[in-house]
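Below is one structure; the comments refer to it alone.
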Amino acid sequence: MSRILAYTSPALGHLFPMTPLLLELRSRGHHVHVRTLGSQVELMRSLGLESSTTDPRIEAIENVDWRAGNARAALASVVSTFVARGEYDAPDLEQAIADQHPDVLLVDINAWGASVAAEASGLPYVVFSPYTPPIRSVGTPPFGPGFRPLPGPLGRLRDGLLRPLVMGAAEKAMGPGIAQLRAARGLAPVASADAFFRRAPLMLVATAEPFEYHHEDWGADIMMMGASSWEPPGEVPSWLDDIDRPLVLVTTSSEFQDDGILVRTALEALADEPVIVVATMPAGIPDDLVVPANARVERFLPHGPLLERAAVAVTHGGMGATQKALAHGVPVCVVPFGRDQLEVAMRVEVSGSGTRLPVKKLDAARLRTAVRGAMGRAEGARRVADGYRATGGVAAAADTIEARFARDEVRGLS
């Protein structure tokens with residue numbers, strides 16, 4: 001059997017999408033060890049995976065991009081966070097390699113130092129991205145601001161002019177830190193962010209067309225494996241059976257970004273609508289939150305059973321929550337707050353699987369209109385769900401890992 005060492009950044013939105021792939025690999029007879037957030041080690045062990053905690057200094061470096069006053073400052077904040085974490089996650093992965101003696105590495109795209117250490121190790125390694133990576137592609141706008149794709153010569157001109165403005169700031173911010181991490185391990189500098197993200201022999205991206213844009217020039221080293229949705233086992237609430245009206249699921253980020261206003265506005269917007277609103281706020285429920293009679297708010301609930309009954313999902317635009325709804329064929333209304341959410345929201349609109357409402361325009365009346373509009377786009381959501389299934393999902397991803405990297409004696413087990 002092959003020994004596979006997986007390494008995640010300190011975010012549930014990265015660990016949980018990776019988990020189905022880890023379970024698939026384990027089911028094929030591979031020895032799988034995941035190094036992840038300390039709070040999730042016991043959960044991973046309960047699933048039959050070996051697990052250990054990452055260096056606690058990594059988790060201590062919080063992502064505070066939500067405090068930034070504009071998109072450019074938010075990007076600089078994110079880059080600063082990942083570079084700072086890299087000083088610890090690079091040696092942490094090196095220690096994990098020494099402890100586990102793996103044959104293959106599976107590294108989270110946001111663990112920048114760990115990806116450098118993986119390259120320097122000489123071991124086969126795979127990068128896992130639960131969101132669309134910021135890699136350039138012909139016909140696709142520069143990643144970040146959520147521009148609508150513009151075909152033809154005019155689009156190429158626009159994208160060519162904007163790309164240095166968008167990615168130039170990121171490259172300037174990340175360059176020195178990445179160069180230092182690489183130099184310390186005897187690796188040559190990289191010329192661009194694009195080159196940095198494309199160093200891995202294989203990248204698995206947890207999305208697919210028609211939600212994702214077409215990237216004919218990405219090549220065989222980037223594989224779209226469809227939405228990877230997983231959540232911890234949980235008890236299905238008994239009150240779910242009593243719901244006799246269309247259900248609207250409202251979700252906020254599992255990693256704090258001050259998006260509670262989305263729940264407040266949704267509760268106000270839908271209070272008099274013929275629906276039942278169920279909202280989850282994993283970052284905490286404010287004491288002064290006013291909950292109308294047709295709604296309930298919980299900190300944690302399994303989304304799967306809710307989505308089986310939902311008519312629409314209102315999300316902050318996180319890739320995990322948005323794609324989980326679409327994988328169930330449930331249309332979405334997206335109100336993006338930052339990070340990759342502007343890109344997710346535009347992909348929802350372009351794919352016809354829901355509606356997009358900029359956070360600067362968020363109020364009860366506009367959100368009510370956007371939710372009603374999203375309800376009418378169920379056909380588009382079903383097309384997206386079909387696209388996810390057509391990739392073959394984690395089974396196809398595991399096939400690819402085995403074909404490229406796994407030890408010969410294991411390939412016959414799948």
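The values are calculated or read from the model by the stated rules, or taken from the named source; none is laboratory data. Note that the structure is a prediction, hence the values are computed from the model and not measured. In this analysis, Cβ positions are derived from the backbone assuming ideal geometry, glycine residues included, and neighbour counts consider all displayed protein chains. Ligands, DNA and RNA are excluded from the accessible area calculation, which covers all protein heavy atoms including side chains. Shrake-Rupley method; radii C 1.70, N 1.55, O 1.52, S 1.80 Å.
The charge dipole of the chain, taken about its Cα centre with unit charges on the Cβ of Lys, Arg, Asp and Glu (plus for the first two, minus for the last two), comes to roughly 1100 debye.
Of the Cα atoms belonging to segment 183-311, the radius of gyration and Dmax stand at 20.7, 63 Å.
Along the Cα-to-C-beta direction of Arg158, a point sits 7 Å from the Cα; which residues of segment 199-222 have their amide N less than 14 Å from that point? Of the residues in segment 199-222, none has backbone N under 14 Å from the label point off Arg158. Applying 1/(1 + (r/R0)^6) with r as the Cβ-Cβ distance of Thr53 and Ser121 and R0 = 25 angstrom yields a FRET efficiency of 0.75. Take every pair of alpha-carbon atoms less than 8 Å apart whose residues are at least six positions apart; their mean separation over the length of segment 270-408 yields a relative contact order of 18 percent. Along the Cα-to-Cβ line of Asp288, 7 Å from the Cα, sits a label point; which residues in segment 258-280 have backbone N less than 20 Å from it? Those under the cut-off are 258-269. Here's the picture: charge each Lys and Arg Cβ at +1 and each Asp and Glu Cβ at -1 in segment 77-193, and of Ile97, Phe143, Gly86 the one pushed furthest to the positive end of that dipole is Phe143.
Given in Å, the Rg to one decimal and the Dmax to the nearest whole number for the Cα atoms of segment 327-413 are 18.3, 61.
Backbone phi angles across segment 3-10, fed through the Karplus curve with coefficients 6.51, -1.76 and 1.60 (θ = phi - 60°), yield HN-Hα couplings of 9, 10, 10, 9, 9, 10, 6, x Hz in residue order; Gly and Pro are listed as x.
Can you work out the PRE-style zone for Asp194? Point 7 Å along Cα to Cβ, and I want the residues of segment 147-172 with backbone N under 18 Å. Once the point is set 7 Å along Cα→Cβ of Asp194, 147, 149-172 turn out to lie under 18 Å by backbone N, inside segment 147-172.
For the residues Asp241, Asp340, Asp221, a GNM of the chain with alpha-carbon springs under 10 Å puts the largest fluctuation on Asp241.
What trypsin sites (Lys or Arg not before Pro) does segment 224-302 have in DSSP loop regions with at most 14 other beta carbons within 10 Å?
Arg299
Dividing the summed helix terms, -39500 (n - 2.57) for each DSSP H run of n ≥ 4, by the number of residues in the chain produces a 222 nm estimate of -13500 deg cm²/dmol to the nearest 500.
Given a 1.4 Å probe and the protein chains as shown, Phe405 ends up with an accessible area of around 40 Å². Using the Cβ-Cβ distance between Glu308 and Asp221 with R0 = 35 Å, the FRET efficiency computed as 1/(1 + (r/R0)^6) comes to roughly 0.45.
Entry note, segment 3-111: relative contact order of 37 percent, from Cα contacts under 8 Å with a spacing of 6+ residues. Taken about its Cα centre, segment 122-187 carries a charge dipole of about 80 debye when Lys and Arg each add +1 at the Cβ and Asp and Glu each add -1 at the Cβ. Report, to one decimal in Å, the Kirkwood hydrodynamic radius for segment 109-249 based on all distinct Cα pairs. Averaging 1/r across every pair of different Cα atoms and inverting gives 17.9 Å. Calculated accessible area for the chain comes out at 42 Å² per residue, all protein chains present (probe 1.4 Å; ligands, DNA, RNA ignored). For segment 170-278, the residue among Ala183, Leu247, Leu202 whose Cα projects farthest onto the positive side of the dipole built from Cβ charges is Ala183.
Beyond 25 Å, what share of the Cα-Cα pairs of segment 9-158 remains, rounded to the nearest whole percent? Working shown, then result.
Values: 4177 of 11175 pairs.
That tail contains 37 percent of the Cα-Cα pairs.
Taken along the Cα-to-beta-carbon direction at a fixed 7 Å, the label points for Ala395 and Ser27 span 0.8 nm. According to the square roots a ≥ b ≥ c of the eigenvalues of the Cα gyration tensor, what is the shape class of segment 1-69, taking rounded for a/c under 1.5, prolate for a/b larger than b/c otherwise, and oblate for the remainder? It comes out prolate by the Cα gyration axes.
The accessible-area ordering, largest first, of the residues His328, His31, His215 stands as His328, His31, His215, per a 1.4 angstrom probe.
Reducing segment 128-186 and segment 1-61 to their Cα centroids gives an inter-centroid distance of 29 Å. Extension gain for Arg264 to Leu165 (0.36 nm times residue separation, less C-alpha to C-alpha distance): 32.1 nm. Taking every alpha-carbon pair within the chain, the share separated by more than 41 Å comes to 12 percent.
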